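*Asks:* I have a structure I would like to understand better, so I am pasting it below and will then ask my questions one at a time.
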Amino acid sequence: MIRSQNQIKVETSSSTMSDLVFLLLIFFMITSTLISPNAVKLLLPESNSKTMAKQNVTVYIDETYQFQVNDNPVTPETLENTIYAGIESGINDACVVLRADKTVPVQYIVTVIDAVNAINDRTNSKHKVILATSPKK
């Protein structure tokens with residue numbers, strides 16, 4: 001009786017599977033960091049300024065002149081109270097970052113500044129408004 005020297009083994013290597021999982025993990029980690037952190041898409045005005053500040057509250061004004069405070073839609077009448085609620089208690093010098101589309105009239109920007117100034121007068125604090133810009137090309 002002649003026996004074959006080549007026998008088929010039914011075993012699988014798990015090293016290729018772990019390599020594949022590792023590559024998928026890296027792919028998803030890289031693509032998740034490419035997602036824009038801003039929920040509201042705006043064309044910001046351009047500037048050479050490189051001022052950075054710790055933002056406590058972010059106010060968005062889109063091209064349709066709708067206000068949002070930290071991704072929550074608000075009306076101009078409730079803007080002051082919503083900003084005040086967004087500022088942590090005990091902070092006297094919070095930064096309110098204003099991200100306004102570059103097509104927004106100045107009056108809407110002044111509305112946000114007036115709301116922050118009213119909070120400052122009411123609470124005897126020194127909160128400030130910083131206008132977010134994009135770098136000049």
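*Asks:* Under a cut-off of 19 Å between alpha-carbon atoms, report the aspartates and glutamates in cross-link reach of residue 102, not counting same-chain residues fewer than 8 places apart.
*Replies:* Partners found: 46, 62, 63, 71.
*Asks:* Then there's this: Describe numerically, in nm with one decimal, the distance between label points set 7 Å from Cα along Cα→Cβ at residue 118 and at residue 102.
*Replies:* Simple spin-label model gives 3.1 nm for this pair.
*Asks:* Let me ask you something else. Which of the aspartates and glutamates could a cross-linker span from residue 9 if the Cα-Cα distance has to be under 15 Å and same-chain partners fewer than 8 positions apart are dropped?
*Replies:* Straight-distance partners of residue 9: none at all.
Read the figures in this text as sums done on the coordinates, not as results from a lab. A quick note: this is a predicted structure, and the numbers were derived from the prediction, not measured. When we count neighbours, we look across all protein chains shown, and the Cβ atoms used for this are built from the backbone with ideal geometry, even at glycine.
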